[in-house]
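Asks: Here it is: the structure, laid out below.
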Amino acid sequence: MNQKKSDNTLFEDNPFTIEKLNGRGGAFLVIPCYLGEVFSREKFSEEQKMFEQAALDFAKDQIKPKHKDLNKMNKTLSLELFKEIGKLGFLGTDVPEEFGGMDLDKTSACIILDALSSGRSASFMVTVSAHTGIGTLPIVWYGNDFQKEKYLPKIASGEYLSCYALTEPSAGSDALAGTTTAKLSDDKKYYILNGQKIYCTNGSWADICITFAKVEDKYTAFILDKTCEGWKLGTEEDKLGIKGSSTTTFFFENCKVPIENVLGGIGDGGPIAFNVLYAGRYKLGATTSAGAKFTIDAALDFAKDRFQFDKSITEFDMIKNKFSEMVRMAFESDSIVYMTTGSIDKAIKELNKQDENYYILLQKIIEDHAIEASACKVLCSENLAYIVDELVQIMGGAGFIEEYDAACLYRDERINRIFEGTNEINRLIIGSYTLKKSIIEELPVRDLIKDRSSNWIPNFDKPNSLSKESQVIEFCRSAFAHTLNESINMFGQDLKNEQWILEPLANIIISLFVMDTCYKRHDDIEEGEHKHNVAEILCLSIANHYSELVKNVRIILTYLDSLNKNSVFIKQLDCWNQKLDYSPNILVYRQAIVNTLYKYEKYYLNK
Ligand SMILES: Cc1cc2nc3c(=O)[nH]c(=O)nc-3n(C[C@H](O)[C@H](O)[C@H](O)COP(=O)(O)OP(=O)(O)OC[C@H]3O[C@@H](n4cnc5c(N)ncnc54)[C@H](O)[C@@H]3O)c2cc1C
């Protein structure tokens, strides 16, 4: 790594050393881009590459040839493939070895999902992801030995398909508002559940279900299995997309659940319900990031062979423009997903697996990364939406015709912005966790604010061709710190309820996360062609997120100025922005990227 030194005093005489912050959630907010490092696919271990290859092979040989059949409801085929994946161990990535799983690090679990997604069946990936994530983790994290022994080996092998039923007709985003009840039976052997759960992924195919009900007023988690009387299925939902996955309503009509199937303790349902969702969010980042890459390949394959005005449409600059942006977005998604899992893994490595509180501590680490997990969920799903929309456009009329894959992809991607917490809810999480970590000083955000109050563009000695870009990122970090500070000064703790501010604030944080991560990723790559290719994208990414970030900072500061009846904040922003003097040549960046894409004839950054 390059020698990194600066006039930034934040990490001098400060209890939060870089060393301590590495592996902490939200650390990217305060560690300058010329310090610190991130995990990325360039750092995959040999074992991780081996898992990737095995999953890629399976996707190519088993999923892709059947992807059209998997896009329609086909229980037999879906479950056949599901069991095959179980034989490879891929259903037990998060299950302890003593219960038949592989107990892999979080990066490897995402690598496998990423690689399986290359089989191009969103429906099948939803089935697998619901099972391995929200359908499995509650038992791994909260189950007692009896429950783990009874269920986990069958979950890991694929003998059982699992699901997770939280949502109710009156309780969606406000999940704890559910009205399903659980009453102890007279003989005290069962809880009797009454109520309704909706939109349950894997619903009509599932053997077991993690669900939630109130014992008096205590929200509690339960494991249901097919032997529970009174667990009744509704009909299959007729969905907009992911039509090859099962989604049903459950009716609990005096449903008898043995008392030994209470998960955790009575009243523990809230944390159980929410904690597994943090993991689901970065995993959704992995599958949508994978989708972005194969969508680019599909668009390019089509465009190369489509001739208009005696030319392949790839030769038109407006089409080139689309491809360059698609590559940028796919690269950003990939970068933030593996940055997140790498940071989580780094922290988990410090734990002792024999510690009786191991899973409590592990969950704390994952929750500590709530900002990163939600940012992965939001950015990767929105990048995929953009990319798939451009696929349809590049294909012209063919993009609208069912015979081609684009129409199905267009429908399938839509769900990613809705489940695992809608993107609105995830933006609230990003804003509120940043606020919390700043106020209780889990992160030295106050020090950052102080450090940057009189200088938004710290000088530092980093003699490389991207020194302007690092200056831009540090300007953006200062703008974030300043905006957060003034928002807290205005609203105090009530800021957590100010959605007009929280939404642009979340967007600022996402932009900073992307720029900082991509820069640090590039910094650690060895000199050579790959580094050069990454640098091209990095420049475009920084140009794009700089302008997004400044736009959102402007929205907030203009509003705060209007409440203060002056224009101090905006003047300050404009003054520092002028000093930054950054006018990126975006078209040159885009041209370079598309030339490289055309040379490789596919998404080329999966090193
Ligand atoms: C195909 C599919 C599969 C699913 N699988 C599962 C599953 O396996 N298990 C399960 O339990 N659930 C599942 N769900 C449910 C899914 O998680 C919910 O649909 C989702 O959480 C949103 O809840 P809702 O539909 O009630 O929307 P609502 O909560 O009613 O939201 C409607 C709109 O209001 C916005 N909104 C809500 N609250 C706020 C707020 N505080 N601030 C700002 N905006 C807000 C939302 O972002 C959204 O735009 C699935 C849904 C679908 C469609």
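The values are calculated or read from the model by the stated rules, or taken from the named source; none is laboratory data. A quick note: this is a predicted structure, and the numbers were derived from the prediction, not measured. All Cβ positions, even for glycine, are placed from backbone atoms using ideal geometry, and neighbour counts span all protein chains on display. We work out accessible area using only protein heavy atoms, side chains counted, and drop any ligands, DNA or RNA first. Shrake-Rupley method; radii C 1.70, N 1.55, O 1.52, S 1.80 Å.
Asks: For segment 68-157, what does the accessible surface come to per residue with a 1.4 Å probe? Please give it in Å².
Replies: Result: 32 Å² per residue.
Asks: In terms of Cα to Cα distance under 21 Å, which lysines are near enough to Lys322, apart from those fewer than 8 places away along the same chain?
Replies: Output for Lys322: Lys293, Lys304, Lys311, Lys599, Lys602.
Asks: Continuing with the same structure: Viscosity 1.567 mPa s, temperature 4 °C: give me the Stokes-Einstein translational D for segment 324-483 in µm²/s, with Rh taken as the Kirkwood radius over C-alpha pairs.
Replies: In µm²/s, the coefficient rounds to 68.
Asks: What does the charge add up to near Glu601, with Lys and Arg as +1, Asp and Glu as -1, over the other residues with Cβ less than 13 Å from its Cβ?
Replies: Numbers: positive: Lys304, Lys599, Lys602; negative: Asp297, Asp301, Asp305.
The answer is 0.
Asks: Can you list the DSSP H helices in the chain whose Cα atoms extend at least 27 Å along the helix axis and whose mean Kyte-Doolittle hydropathy is 0.0 or higher?
Replies: Those that clear 27 Å and a mean of 0.0 are 269-305, 370-395, 499-524, 529-564.
Asks: Aspartates and glutamates within cross-link reach of Lys75: Cα-Cα under 17 Å, excluding same-chain residues under 8 positions apart?
Replies: Glu84, Glu159, Asp207, Glu236, Glu237, Asp238
Asks: If Lys and Arg each add +1 and Asp and Glu each add -1, what is the summed charge of the other residues whose beta carbon sits under 12 Å from the beta carbon of Met490?
Replies: -4
Asks: Loop-only chymotrypsin sites (Phe, Trp or Tyr not before Pro) in segment 231-310, please: DSSP not H, G, I, E or B, and at most 11 other Cβ atoms within 10 Å. Kindly include the intermediate steps, with their values, before the conclusion.
Replies: Numbers: sites: Trp231, Phe250, Phe251, Phe252, Phe274, Tyr278, Tyr282, Phe294, Phe302, Phe307, Phe309; in loops: Phe309.
Passing both the DSSP loop test and the Cβ count: Phe309.
Asks: Counting pairs of alpha carbon atoms under 8 Å apart in space and at least six apart in sequence, what relative contact order in percent does segment 133-240 give?
Replies: Averaging sequence separation for qualifying contacts and normalising by length gives 24 percent for segment 133-240.
Asks: For Cα pairs less than 8 Å apart in space and 6+ apart in sequence, what is the mean separation divided by the residue count of the chain, i.e. the relative contact order in percent?
Replies: Rounded, it is 17 percent for the chain.
Asks: Moving on. Give the relative contact order (percent, whole number) for segment 407-528; include only Cα pairs under 8 Å separated by 6+ residues.
Replies: 31
Asks: Can you list the lysines whose alpha carbon is less than 18 Å from that of Lys197, not counting same-chain residues fewer than 8 positions off?
Replies: Lys183, Lys214, Lys218, Lys226, Lys232, Lys239, Lys256
Asks: A further question follows. Subtract the Cα-Cα distance of Gln572 and Lys599 from 0.36 nm times their separation in residues, and report this length gain in nm to one decimal.
Replies: Values: separation 27, 0.36 × 27 = 9.72 nm, distance 4.46 nm.
Fully extending the segment from Gln572 to Lys599 adds 5.3 nm.
Asks: In angstroms, what radius of gyration and Dmax does segment 292-335 have, counting Cα atoms only?
Replies: Here Rg and the maximum Cα pair distance are 11.3, 38 Å.
Asks: If you take the square roots of the eigenvalues of the alpha-carbon gyration tensor of segment 390-536 and sort them as a ≥ b ≥ c, do you get rounded (a/c under 1.5), prolate (a/b over b/c) or oblate?
Replies: Oblate.
Asks: What Rg and what Dmax come out for segment 196-297 when only alpha-carbon atoms are used, in angstroms?
Replies: My reading of the Cα-based Rg and Dmax gives 16.3, 54 Å.
Asks: Within 9 Å, Cβ to Cβ, of Ile344, how many net charges do the neighbouring residues add up to if Lys/Arg are +1 and Asp/Glu are -1?
Replies: Charge balance in the 9 Å sphere: -2.
Asks: I'd like the carbon and sulfur percentage of the solvent accessible area for segment 440-501, probe radius 1.4 Å, heavy atoms only, ligands and nucleic acids excluded. Write out the running numbers ahead of the final one.
Replies: Working: 1220 of 2730 Å².
The computed percentage sits at 45.
Asks: Counting each DSSP H run of 4 or more residues in the chain as -39500 (n - 2.57), what helix-only mean residue ellipticity at 222 nm follows after dividing by all residues, to the nearest 500 deg cm²/dmol?
Replies: Counting only the DSSP helices, I get -18000 deg cm²/dmol.
Asks: Length gain on complete extension for the stretch Lys20 to Lys304, per 0.36 nm per residue less the alpha carbon to alpha carbon distance?
Replies: 97.3 nm
Asks: Between Thr181 and Gln493, take the C-beta separation as r, use R0 = 30 Å, and let me know the FRET efficiency to the nearest 0.05.
Replies: Here the calculated transfer efficiency is 0.30.
Asks: According to the Cα gyration tensor, what semi-axes, each the square root of 5 times an eigenvalue, does the equivalent ellipsoid of segment 464-511 have, listed from largest to smallest in whole Å?
Replies: So the three semi-axes of segment 464-511 are 27, 11, 5 Å.
Asks: Among Val472, Ile510, Ser432, whose Cα projects farthest towards the positive end of the dipole of segment 427-549, with charges put on the beta-carbon of Lys, Arg (+1) and Asp, Glu (-1)?
Replies: Ser432
Asks: Taking 1 over the mean of 1/r across every pair of different Cα atoms in segment 471-607, what Kirkwood radius in Å do you get?
Replies: 16.5
Asks: Let me ask something else about it. Shape call for segment 30-110 from the C-alpha gyration tensor, a ≥ b ≥ c root eigenvalues: rounded (a/c under 1.5), prolate (a/b greater than b/c) or oblate?
Replies: prolate
Asks: A 20 angstrom limit on the alpha carbon distance is what I want to check against. Which of Lys68/Lys106; Lys450/Lys565; Lys72/Lys283; Lys106/Lys150; Lys320/Lys531; Lys20/Lys437 exceed it?
Replies: With Cα atoms farther than 20 Å apart: Lys68/Lys106; Lys450/Lys565; Lys72/Lys283; Lys106/Lys150; Lys320/Lys531.
Asks: Still on this structure, please answer the following. Length gain on complete extension for the stretch Ile586 to Arg414, per 0.36 nm per residue less the alpha carbon to alpha carbon distance?
Replies: 59.0 nm
Asks: Can you give me the Kirkwood hydrodynamic radius for the chain, using every pair of distinct Cα atoms, in Å to one decimal?
Replies: Taking the inverse mean of 1/r over all distinct Cα pairs, the chain comes out at 25.2 Å.
Asks: In nm, to one decimal, how far is the modelled label at Gln354 from the one at Ala398, with both set 7 Å along Cα→Cβ?
Replies: With each label point 7 Å from Cα toward Cβ, the separation is 6.2 nm.
Asks: For segment 431-549, what is the accessible area per residue in Å² when the probe is 1.4 Å? Please list the in-between numbers first.
Replies: Values: 4130 Å² over 119 residues.
Using a 1.4 Å probe on heavy atoms only, each residue of segment 431-549 averages 35 Å².
Asks: Taking square-rooted eigenvalues a ≥ b ≥ c of the alpha carbon gyration tensor, is segment 108-202 rounded, prolate or oblate, where a/c under 1.5 means rounded and, failing that, a/b exceeding b/c means prolate?
Replies: Values: a/c = 2.70, a/b = 1.46, b/c = 1.85.
Judged from the Cα gyration tensor, segment 108-202 comes out oblate (a/c at least 1.5, b/c at or above a/b).
Asks: Moving on to the next point. For Asn321, project a label point 7 Å along Cα to C-beta. Then give me every residue of segment 591-607 with its amide nitrogen under 19 Å of that point.
Replies: 591-598
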